[in-house]
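The next block holds one structure in the form of structure tokens; read it before the comments.
The values are calculated or read from the model by the stated rules, or taken from the named source; none is laboratory data. Note that this is a predicted model, so its numbers are computed, not measured. Note that each Cβ is placed from the backbone with ideal geometry, even for glycine, and that neighbours are counted across all protein chains shown.
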Amino acid sequence: MIDAYEQMIPEYISKEDFFRFAVEKTIYIADSKIKEEWTSLKKKINANKPIFMRGMKNSVDNQLFFDFYDNIFGNKQVKKDPSNTQNPAKIMESLSGYKKSKDLKNYQLTPLFGRSKNILTFCAPWNMAYIPSILDPLLSNEAKGDLAKEFQAFFFQHNIEKFKPFVDEYNEMVTNPHFIRKIDDHFHTLYDNVYYDNEIVMKFEPIFREEMSAII
């Protein structure tokens, strides 16, 4: 079988060299700026400041997320990002020094670990980078074949290692027994809430728990 992705790599470049080249050309925010912005984000969440998440298509699902953040974090000002990328783009442009439309061509902003409805990760500076657009097909959920799987694993592992202190801190937050107990209690309350149909809550719960899951 002929894999079109493999055909993209010239014969004189090894697969390993291509993977390393792809990572070298990815633009990240400097570590020193990441620490400061990450601290600022956590403070905003806890201080009930405006915070953004990528919106769901269904307004009821959005409200379920908003209710959770109000109940668990005490933040009543979580909002749907106007374009689903506007606020991460602002952070990336400000902290990286590169404006995509002005300084870069054929680069795109991408979340490194997903979890875009999670207010801890959507605007987290360690969860974003400019990647060369040529890499997007390899990182797409629709990508098929061994090369795509290998590159996704390589890229993910590279980012895990690069941002390990921040990923570890995030993981400790979402796996803390007290935090998990609060999530469980919140859903028990939702199932007893006559305002929400139980079927809606049942469909929402796995989506929510995936968004709040540890990065492994």
Legend entry - Output for segment 99-126, where each listed residue is in a loop (DSSP other than H, G, I, E, B), at pLDDT below 95 and not hydrophobic (A, V, I, L, M, F, W, C): Lys99, Lys105, Asn106, Gly114
Inset, instruction - Go through segment 19-34 and count every residue that is part of a helix (DSSP H, G or I) and exposed (fewer than 15 other Cβ atoms within 10 Å of the Cβ). - result: 5
Inset, instruction - Say whether the condition of being modelled with pLDDT of 95 or more and among the basic types (Lys, Arg) is met by at least one residue in segment 5-24. - result: no
Inset, instruction - Scan segment 101-149 for residues that are surrounded by fewer than 16 Cβ atoms within 10 Å (Cβ to Cβ), of a type in the set (D, E, K, R) and in contact (Cβ under 8 Å) with a residue 12 or more places away in the chain and jot them down. - result: Asp136, Asp146
Legend entry - Selected residue (only one of Lys42, Lys57, Lys79 is surrounded by fewer than 18 Cβ atoms within 10 Å (Cβ to Cβ), within 30 Å of Val201 (Cα to Cα) and in contact with a Phe, Trp or Tyr (Cβ under 6 Å, 6 or more places away or on another chain)): Lys79
Inset, instruction - Tell me, yes or no, whether segment 74-86 has at least one residue that is modelled with pLDDT of 95 or more, part of a helix (DSSP H, G or I) and over 18 Å from Phe166 (Cβ atoms). - result: yes
Inset, instruction - Could you give me the residue pairs with C-beta distances under 9 Å whose first residue belongs to segment 54-75 and is farther than 12 Å from Asn118 by Cβ, whose second residue is polar (S, T, N, Q) and assigned to a helix (DSSP H, G or I) wherever it lies, and which are 6+ apart or on separate chains? - result: Gly55/Asn62; Met56/Asn62; Asn71/Thr189; Gly74/Asn46; Asn75/Asn46
